[in-house]
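Notes follow once the structure below has been shown.
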Amino acid sequence: MSPDRSLIERFPAEEYRNRKVLLIVPDGTRTAPIGMAFRTLHEQIGGVTKAFDVLIALGTHQPMSETAIRARLEISEAERNGVYRNVRFFNHEWNNPAALQRIGVIPAEDIRELSGGLFSMDVPVEVNKLVFDYDQVIIVGPVFPHEVVGFSGGNKYLFPGISGPELLNFFHWLGAVITTPKVIGSKWTPVRKVVDRAGTMLKVDKRCVAMVVNPDKSLAGMFIGSPEEAWDQASELSRLVHVIYKEKPFHTILSCVPPMYDELWTAGKARYKLEPVLADGGELIIYAPHVREVCVSHRTTIMAIGYHCRDYFLKQWDAFKHYPWGVLAHSSHVHGLGTYDDGVETRRARVTLATAIPPEVCRQINLGYRDPATIRMEDYANREAEGVLLVPKAGEILYQLKSPPDWAR
């Protein structure tokens, strides 16, 4: 059955007559046929609903312009002003208290159980209050291996996609403490358990369209149901589609960042998906000549703390605990594994930025620098037998070893 036919059959128009529907979709940093789903659903039910609107699940990513949202939904300006003129577009506002509503607290004893004893603290749960203005929320988005939660998708588009900062920061730091190699590509992680627990607290009618996208951007599968059900099925397919296994690690990796990642905050995915196959003492080069900014939202914090391994923060916790935990998590994810003993930080492998971020900034944030003009992708191609790996489009496909080391188990 074609994807559009599945959507038509699973979303019968009569069930939506005079109802208000909110589509929650990811921003432009996720590859998926969001436009197909938007068009099909609007054609199927948009004409009978009282409202049919779109909320961008940004997490802490930058707000999208009207032009960028049109591109995400694959519609023209003429279509926006015509057939889609009544559709309202909203960006999530994670740092605007007025845009959020608290729906409860996950108590410390539950967090202790969900996190496997790593944390014991109350975690407030807030969500974009727009969801309460609608009769049904429809989540539309892809599922990929993910550095924080294991596999993205499902309730993650709610928490932290449209959540408040407390859960968002806790979610990311929990994953960082476990470490990316132990989380990424694993299904029932402690972080996923926290996300799904938060999902049970949101008492609105929720449906989910979970997509699995092939590397050539075609659709490998689409699953429709509750956020939990759709994600469960999609993550199983993602495990087959989005993981490449290698026999041996590589001492040099050129990880090429696609244009959809326009700052290091998101371009870091080119690092996360490849750490499992980066050899001890090796070098991963994030090749992104188009990236000029570390992070618009969190630049001040990142410039203050730099990029360091997890233990650098944990062993100096009093000095860092007041910073946003999500930024600490990003820092340790990009830096990768390492140790911190007797005031000395030792990295497992090097990370070099071949971007438009100046060398003095790279030094300040504790990352290597290389002039991107000195890099030719062809120099890294077809050299896997030599321990050199070229990844032309990094960030969504996970690379793992067939026999992973202890630090990745």
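The values are calculated or read from the model by the stated rules, or taken from the named source; none is laboratory data. Keep in mind it's a predicted model, so treat the numbers as computed, not measured. Glycine also receives a Cβ, built like all others from the backbone with ideal geometry; neighbour counts cover every protein chain displayed. Just the protein is used for accessible areas: all its heavy atoms, side chains included, with ligands, DNA and RNA removed. Shrake-Rupley method; radii C 1.70, N 1.55, O 1.52, S 1.80 Å.
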>> Among DSSP bridges having both ends in the chain, what percentage is antiparallel? Round to the nearest 5.
In response: 30 percent
> What pairs from Lys315/Lys402; Lys156/Lys273; Lys129/Lys273 go past 24 Å between their alpha carbons?
Replying inline: Lys315/Lys402; Lys129/Lys273
> In the chain, with Lys and Arg counted as +1 and Asp and Glu as -1 at Cβ, which of these residues, Val127, Gly326, Pro215, has the Cα nearest the positive end of the dipole, that is, farthest along it?
Replying inline: Pro215
>> Students often forget the sequence filter, so: which aspartates and glutamates lie under 15 Å Cα-Cα from Lys246 once same-chain residues fewer than 8 apart are removed?
In response: Glu275, Glu384, Glu386
>> Give the residue list of GluC sites (Glu not before Pro) in region 203-297 that are DSSP loop and have at most 13 other beta-carbon atoms within 10 angstrom.
In response: Glu247
> Per residue, how much accessible area does the chain have with a 1.4 Å probe, in Å²?
Replying inline: 40 Å²
> Which value, in debye to the nearest 20, gives the size of the charge dipole of region 242-390 about its Cα centre, when Lys and Arg are +1 and Asp and Glu are -1 at the Cβ?
Replying inline: 220 debye
> When ranked by the protection proxy of mean other Cβ atoms within 10 Å per residue, highest first, what sequence do the peptides 4-15, 192-203 form?
Replying inline: 192-203, 4-15
> What spacing in nm lies between the two simple spin-label points modelled at Glu228 and Lys246, each 7 Å away from Cα in the Cβ direction?
Replying inline: 3.8 nm
> At what distance in angstrom do the alpha carbon centres of region 320-355 and region 189-239 lie from each other?
Replying inline: 30 Å
>> Quick check on my link table: of Lys206/Lys393; Lys20/Lys269; Lys187/Lys393; Lys50/Lys203, which ones sit more than 27 Å apart, alpha carbon to alpha carbon?
In response: Lys206/Lys393; Lys20/Lys269
> With charges only on Cβ, +1 for K and R and -1 for D and E, what is the dipole size of the chain about its Cα centre, in debye, rounded to 20?
Replying inline: 260 debye
> Given 0.36 nm per residue, what is the gain on full extension from Arg10 to Phe132 after removing their alpha carbon distance, in nm?
Replying inline: 41.6 nm
> Cα centroid distance between region 366-386 and region 150-183, in Å?
Replying inline: 31 Å
> Which Cα, out of Phe171, Leu389, Met64, lies furthest along the positive dipole direction of the chain (beta carbon charges, K/R +1, D/E -1)?
Replying inline: Met64
> Computed FRET efficiency, Cβ-Cβ of Arg17 and His290, R0 45 Å: what is it to the nearest 0.05?
Replying inline: 0.45
> Is it possible to state the helix-based mean residue ellipticity at 222 nm for the chain, with each DSSP H run of 4+ residues giving -39500 (n - 2.57), the sum divided by total residues, to the nearest 500 deg cm²/dmol? What is it?
Replying inline: -8000 deg cm²/dmol
>> How large is the accessible surface of His251 in square angstrom, using a 1.4 angstrom probe and rounding to the nearest 10?
In response: 90 Å²
>> Let me cross-check Leu390: its accessible surface, 1.4 Å probe, with only protein heavy atoms counted, in Å² to the nearest 10?
In response: 40 Å²
> When ranked by the protection proxy of mean other Cβ atoms within 10 Å per residue, highest first, what sequence do the peptides 363-375, 23-35, 124-136 form?
Replying inline: 23-35, 124-136, 363-375
>> In whole percent, and with a 1.4 Å probe on the protein chains, what portion of the accessible area of the chain is carbon and sulfur?
In response: 48 percent
